[in-house]
Amino acid sequence: MSSADNGPGAEDLTRLDAAELARRVQAREVSSVEVTRAHLERIEAVERTGLNAFLHVAADAALAAAAAVDDEIAAGTVRGPLAGVPVAIKDNMITRDMPTTCASRILDGWRPPYDATVVRRLREAGLVPLGKTNLDEFAMGGSNENSAYGAVRNPWDPARVPGGSSGGSAAATAVGETPLALGSDTGGSIRQPGAFTGTVGVKPTYGTVSRYGLVAFSSSLDQIGPFGRTVLDAAMLHEVVGGHDPCDQTSIDAPLPPVVEAALAGARGDLAGVRVGVVNELSGEGFQTGVLSAFTDAVRVLTELGAEVVEVSCPSFTLGLPAYYLIAPSEASSNLARFDAMRYGLRVGDDGSRSTDEVMSATREAGFGAEVKRRIMIGTHALSAGSYDALYGKAQKVRTLVVRDFSAAFERCDVLVSPTVPTTAFPIGDRVDDPVSMYLADLCTIPANLAGIAGLSVPCGLAAEDGMPVGLQVMTPALADDRAYRVGAAYELARDTASGVPFASTVPDPAALQGAS
């Protein structure tokens, strides 16, 4: 899966992790302009093969931002630990100098007047935005096939999905188009594509990374988080974008957990005293054999690192999936009401002969895709007077049970682990006509969103039957994100030591995408 070694040059820079790139840029061993240009060239080469990870590439702006960082470093100023490192941004986070489409025709070409808080923090820390990445429309999907601009392909196998909804960010990170990316996770939309593409993906504790400027899908579940090829890279990006934001009413006014310090501690390879709980309900029937095998091996490694491993039961987790698919669509039906053709975005049929309601209806019919319409209708029905108590109200009661099960489990354990997804990445088109089967991919990740806790997915090898990446999910109590980074980094070190090759250096070959239909 690795590209051939072409010697020193641009290709080498796209293989390096973010921490190493930052070190070299700030030591003036290489310029940020050189690093940025290398990644822009990589994007051009890979997108030509049909990956479709980017919706917008801001080449000129990126090079200008990189040059500014180089000038500052030459003058003795370093804005932050990741200054000069490129980053990609999921296209549901608003950007003042780039379009924000949410991969929907209804926002085609819309340019916001300001930056999301996380984007502003990226710029202030000296990171270099490369562009906006593809996603399932309005972040609604688990495969990245719902984009109005075409499906993203998995770099490990172009016939398979990269996962969703942050599939563009995950695929771009995996293939070396960017060393870092931001995604959003509502029911697993960072961790699931992280698992499918062999990258590290993190859903922080709800409220610890600002949602101001994130186009809302489900406000009580959405959370922005990082992608990286290593646990340390993800932690460093997490530290840049995290922290209290008075612009976000759900932002927690508390110190950010020491995620970078924890990742560095974990990289020493010692988990003595850490209690790891294996969730019984998140394995077994319906899980792919190769996924369970890789997960079992990962748990064995955690034991060898000194962790105490116990089995725990969280019965409500089996109800998490149906509860989520009532709560999330209900909130979506409210949030997406703002796309009414009156204020911004697409407007269809406004020729003077139609009423406001007719223009609104025609615009939504043309602008929203099938999955978005499906979820709006489910949510509107769940919130209706005749169904509220039986559907939405009952789902919220299940949510309370999930929180209680997590609380009980964390009394016995420091972290909980499971496979990130029951299967490896499935073929493109395989589940398009079967929404229920598609939704089952979120089985393991949804409970963390319902409870607002943190979850991290780290690659734990390849499934024997298809050679596709498998993810190990590590979940922690709220505001204890650092525990996930410690466990993830310790496992990552042991995995790479055992294989003799850093998994993060295994960049899929874009040539493998050539000829993909």
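The values are calculated or read from the model by the stated rules, or taken from the named source; none is laboratory data. It should be emphasised that the depicted structure is a prediction, and the values quoted were computed from it without experimental measurement. Don't worry about glycine lacking a Cβ; one is built from the backbone with ideal geometry, like all the others, and counts go over all protein chains shown.
So here's what we get for this one:
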{"item": "Some residue of the stretch 297-311 being in contact (Cβ under 8 Å) with a residue 24 or more places away in the chain, more than 30 Å from Gly467 (Cα to Cα) and of a type in the set (A, V, I, L, M, F, W, C)", "result": "no"}
{"item": "Among residues of the stretch 336-361, those that are in contact with a Gly (Cβ under 9 Å, 6 or more places away or on another chain) and among the aromatic types (Phe, Trp, Tyr), counted", "result": "1"}
{"item": "Of all residues in the stretch 268-285 being of a type in the set (D, E, K, R) and part of a loop (DSSP other than H, G, I, E, B), the one that is farthest from Tyr491 (Cα to Cα)", "result": "Glu285"}
{"item": "Evaluation of Asp340 against (1) at pLDDT 95 or above; (2) in contact with a helix residue (DSSP H, G or I) (Cβ under 6 Å, 6 or more places away or on another chain); (3) acidic (Asp, Glu) (one fails), failing number", "result": "(1)"}
{"item": "Residue in the stretch 441-448 that is part of a helix (DSSP H, G or I), touching a residue at least 60 places away in the same chain (Cβ under 8 Å) and β-branched (Val, Ile, Thr) present", "result": "yes"}
{"item": "Per-region count, the stretch 454-504, residues more than 20 Å from Ser166 (Cβ to Cβ) and not charged (D, E, K, R)", "result": "22"}
{"item": "Residue within the stretch 272-283 that is surrounded by 19 or more Cβ atoms within 10 Å (Cβ to Cβ), polar (S, T, N, Q), touching a strand residue (DSSP E or B) at 6+ places or on another chain (Cβ under 8 Å) and modelled with pLDDT of 95 or more present", "result": "no"}
{"item": "Unique residue being over 25 Å from the mean Cα position of the chain (by Cα), charged (D, E, K, R), in a loop (DSSP other than H, G, I, E, B) and modelled with pLDDT of 90 or more when the list is Arg404, Arg364, Arg347", "result": "Arg347"}
{"item": "Residue in the stretch 146-160 that is surrounded by the most Cβ atoms within 10 Å (Cβ to Cβ), counting only those that are part of a loop (DSSP other than H, G, I, E, B) and touching a strand residue (DSSP E or B) at 6+ places or on another chain (Cβ under 9 Å)", "result": "Val152"}
{"item": "Yes/no for Gly242 being free of Cβ contacts under 8 Å to residues at least 40 places away in the same chain, within 30 Å of Asn335 (Cβ to Cβ) and buried (at least 20 other Cβ atoms within 10 Å of the Cβ)", "result": "yes"}
{"item": "Ser333 in contact with a Gly (Cβ under 6 Å, 6 or more places away or on another chain), surrounded by 14 or more Cβ atoms within 10 Å (Cβ to Cβ) and polar (S, T, N, Q)", "result": "yes"}
{"item": "Residue list for the stretch 241-267, filter: in contact with a helix residue (DSSP H, G or I) (Cβ under 6 Å, 6 or more places away or on another chain) and part of a helix (DSSP H, G or I)", "result": "Val241, Val259, Val260, Ala262, Ala263, Ala265, Gly266"}
{"item": "Options Val299, Val310; residue that is among the β-branched types (Val, Ile, Thr), at pLDDT 95 or above, farther than 16 Å from Tyr392 by Cβ and assigned to a helix (DSSP H, G or I)", "result": "Val299"}
{"item": "Tally of residues being out of contact with any Leu (no Cβ under 8 Å at 6 or more places or on another chain), within 23 Å of Leu232 (Cβ to Cβ) and among the small types (Gly, Ala, Ser) across the stretch 23-52", "result": "3"}
{"item": "Check on Ser169, of a type in the set (Ser, Thr, Tyr), under 26 Å from Arg96 (Cβ atoms), touching a residue at least 12 places away in the same chain (Cβ under 8 Å) and part of a loop (DSSP other than H, G, I, E, B)", "result": "no"}
{"item": "Any hit, the stretch 179-194, residues being crowded, with 23+ Cβ neighbours inside 10 Å, within 24 Å of Pro469 (Cα to Cα) and in contact with a His (Cβ under 9 Å, 6 or more places away or on another chain)", "result": "yes"}
{"item": "Answer from Arg123, Arg111 - the residue that is farther than 30 Å from Ala341 by Cα and surrounded by fewer than 24 Cβ atoms within 10 Å (Cβ to Cβ)", "result": "Arg123"}
{"item": "One residue from Arg375, Arg338, Arg354 being of a type in the set (Lys, Arg) and touching a residue at least 12 places away in the same chain (Cβ under 8 Å)", "result": "Arg375"}
{"item": "Candidate set from the stretch 1-22 (those that are among the charged types (D, E, K, R) and surrounded by 15 or more Cβ atoms within 10 Å (Cβ to Cβ)); member that is modelled with the lowest pLDDT", "result": "Glu11"}
{"item": "Only listed residue being out of contact with any helix residue (DSSP H, G or I) (no Cβ under 7 Å at 6 or more places or on another chain), in contact (Cβ under 8 Å) with a residue 40 or more places away in the chain, among the charged types (D, E, K, R) and closer than 25 Å to Glu34 by Cβ, chosen from Arg160, Arg123, Arg191", "result": "Arg123"}
{"item": "Residues of the stretch 49-83 that turn out to be free of Cβ contacts under 8 Å to residues at least 40 places away in the same chain, hydrophobic (A, V, I, L, M, F, W, C) and over 21 Å from Asp97 (Cα atoms), as a count", "result": "1"}
{"item": "Pairs where the first residue, in the stretch 211-235, is on the phi > 0 side of the Ramachandran plot and the second is of a type in the set (A, V, I, L, M) and modelled with pLDDT of 95 or more, C-beta under 7 Å, 6+ apart", "result": "Gly213/Met93; Gly213/Ile94; Gly213/Ala116; Gly213/Val119"}
{"item": "All positions within the stretch 395-420 that are in contact (Cβ under 8 Å) with a residue 12 or more places away in the chain, charged (D, E, K, R) and within 17 Å of Pro315 (Cα to Cα)", "result": "Arg399, Arg404, Asp405, Arg412"}
